[in-house]
1. Residue A:172 is checked against (1) in contact with a Pro (Cβ under 8 Å, 6 or more places away or on another chain); (2) modelled with pLDDT of 95 or more and fails just one. What number does that condition carry?
2. Residues that are surrounded by fewer than 24 Cβ atoms within 10 Å (Cβ to Cβ): list the strands (runs of 3 or more DSSP E) wholly contained in the range A:76-192 that include at least 1 such residues.
3. Which is on the phi > 0 side of the Ramachandran plot and touching a Lys or Arg at 6+ places or on another chain (Cβ under 8 Å), of A:333, A:358?
4. Could you please tell me which pairs satisfy a Cβ distance under 8 Å, a separation of 6+ or placement on different chains, a first residue in the range A:333-350 that is farther than 13 Å from residue A:28 by Cα, and a second residue that is open to solvent by 70 Å² or more (accessible area, probe 1.4 Å)?
5. Any idea how many residues of the range B:78-97 are open to solvent by 10 Å² or more (accessible area, probe 1.4 Å) and in a loop (DSSP other than H, G, I, E, B)?
6. Across the range B:160-213, what is the total count of residues that are farther than 28 Å from residue B:48 by Cβ and not charged (D, E, K, R)?
7. So, residue A:242, is that one within 25 Å of residue A:362 (Cβ to Cβ), at pLDDT below 95 and more than 14 Å from every other protein chain (Cβ to nearest Cβ) or not?
8. Exactly one condition in (1) in contact with a strand residue (DSSP E or B) (Cβ under 6 Å, 6 or more places away or on another chain); (2) modelled with pLDDT under 95 is false for residue A:152; which is it?
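The values are calculated or read from the model by the stated rules, or taken from the named source; none is laboratory data. Keep in mind that what you see is a predicted model, and the values were worked out from it rather than measured. Note: ideal-geometry Cβ built from the backbone for every residue, glycine included; neighbour counts use all protein chains shown. SASA here: full protein model, heavy atoms, side chains in, ligands and nucleic acids out. Shrake-Rupley method; radii C 1.70, N 1.55, O 1.52, S 1.80 Å.
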Amino acid sequence: MDLTHSPADEAFRAEAREWLHAHVPPEPLPSLETAEGFAAHRAWEAELASGGWSAVNWPRRYGGRECGLMRWLLFEEEYYAAGAPGRVGQNGVSLLAPTLFEHGTEQQRARVLPAMACGETIWAQAWSEPEAGSDLASLRARAVRVPGGWRLSGQKTWSSRAAFADRAFGLFRSDAEAPKPHQGLTYVMFDLRAEGVTVRPIGRLDGKPAFAELFLDEVFVADEDVIGEPGQGWRIAMATAADERGLTLRSPGRFLAAAERLHALWRAQGGPQGARAQVADALIGARAYQLATFATASRFLGGERVGAEASLNKVFWSEYDIALHETALDLLGEEGEFAEEEWSQRYVFALAGPIYAGTNEIQRDIIAEHLLGLPRGRR
Amino acid sequence: MTVSPHVPAPKAPAPRFLLDAEQRAFAESLHAMLAAAGTPAVIRDWSRGERTAGRALWSRIAAAGVFALAVPQAYEGLGPRPVELAVAFVELGRYAVPGPLVETVAAAAALRAPGPAGRFLPGLASGESMATLAREGGYALDGDAAAARLVLAADGLRLAPGHGPVRASLDPARRLTRLLPGGELLDPDPPAEGALLWARLATAAQALGVGLALLDRTVGYVRQRVQFGVPVGSFQAVKHRLADAKIALEFARPLVLGAAVTMTPADVAAAKVSACEAAYATARTALQLHGAIGYTAEYDLSLWLTKARALRTAWGAPDDCRAEVLRARA
């Protein structure tokens, strides 16, 4: 067992650190859940792409560095340690792109990925529906076969980033007669500005339009925008969901940096005794998540898939994130109440963690049934 | 003593961030040996002060090379090999092996003065003798069973001349006693911090093993225990408690192994607090999900339940460990 990185990996880390040091905006960008902030974050994606840092583990021909999983983790550590802006392109980079690498065509990859890497196209996730949150098998929005493509109708909701994004990806019911509800779903990419699409931003807890409802009325998508075989959407989406909960959605760098900031806040206040255990636990939890992720990455690189173990990660980081931010707000006292306070904004964002990407209740069911072998029962 | 065949010398570079094949094989061989040893009966004997079976098991654990991992090669050991030691202690915890396991390791780490080291270490490595170690004013585990009773006193490492009355722990297998003051000064400047570090690491690993065993046993129980016509393991409230136990243990594991690699005080303290909290939370879940049978001393689960609580405060309570984590960043 060895916890050190190779000299070549450390050189990569140093290169990333140097570039970020020279390019990260000195002042935080406005919230990406505002029109102004969204534009500023889109420009930052372009800046990242100009340095070749927007999708470091992608193949070079799509704008990446082909750096591999370990270096991606190191890049993320440096990214968050540098205090770099949140990634407005994250839905695309961490959810759609892995799906395209696995299930898309070369033509789709060549068309979609370079524009995604530079922030020219920002992607929204359009999975949930009013009657289907974690239970994606109950999706109702339809895709109806027409010459050359499909027509989409129905409603999607709580679509992250959709208030300002350009395009979206989601699942649509293409075969209502399929023998089981999770069969007959098709994975589709569509334009949020296409004829027949109405986007209604929804205010998050803090009022910011972090997501949106989408109303689709006979929206045409060409065959080239279907990912994988029609009717196979569930299987394809589940592969993405495992990636989402597992390695790619929340890298440890984010929490290492957050724990350091929390520790600095605590120190700046003279290290009050009341918060000591929580601050120590934040540092310990970030280290645990870092080491667990490197171990998982090692197994991944050895040819294993993450599978149901991704659910362990998802519950861990989402609850960790809330605990850390609650501690910060407690330390800030009255100041923590103010909406423009960065800690408050991060706190509101953290609150969504146990809900999205499959609720933590569903993740615990997966852990119990798939990792512990307990019998299925009524939810 | 002959060097154990079970712990080969380090060789090929390991896959990063994971145990290598030899380390995994070592764990599996210990696992198999302990699974066949029928430890519950051994533990119950030990709790009554009847040590024949415990000493026999001790010899087999020593023959597998476990104590030698903490003993330098100059004194007929294989060490220092903290990663392999952590791997071994996870298995010892998994089977709730009784005796001054951690304390023998800590004593080996404290014995560095050539004279005393030469006197005691070969016997500790081979399993011929067991040691215990206490901080001055603290309690020693199994002081009545140990051949070498060591005290980290203000003026150095001392060989205690005897021990006081044995007190029962809430873990019946842990028998605690004060060591008598005075005795031979073995080393005026012992590596006390290092010895405590080894004690803490071994305790963390042992606690992780205790927690893993509690989870396994409870999963097995709720799969077969039927109420309202279905296995209780099909109830979501039950599943979710066990899922949380699994999460806590799986995130403590890399901290324990990582601490064994770095052996920094902060990493070892983080491992100790995480593993012990995870094991203790799992114990609470295990008891709740077993119901009244879990509360029954004659049912074997109790052997792990009580140990999880005792290990939580042994060699560094949670608050001490958290303070150590913060101190490293001061």
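1. All conditions are met except number (1).
2. A:142-146, A:149-160, A:167-173, A:185-191
3. Values: A:333 fails: touching a Lys or Arg at 6+ places or on another chain (Cβ under 8 Å).
Exactly one of A:333, A:358 is on the phi > 0 side of the Ramachandran plot and touching a Lys or Arg at 6+ places or on another chain (Cβ under 8 Å), namely A:358.
4. A:336/A:330; A:344/A:337; A:344/A:338; A:347/A:326; A:348/A:205
5. Qualifying residue count, the range B:78-97: 4.
6. 16
7. Numbers: within 25 Å of residue A:362 (Cβ to Cβ): yes; at pLDDT below 95: yes; more than 14 Å from every other protein chain (Cβ to nearest Cβ): yes.
Answer is yes for this residue.
8. That leaves (2) as the condition not met.
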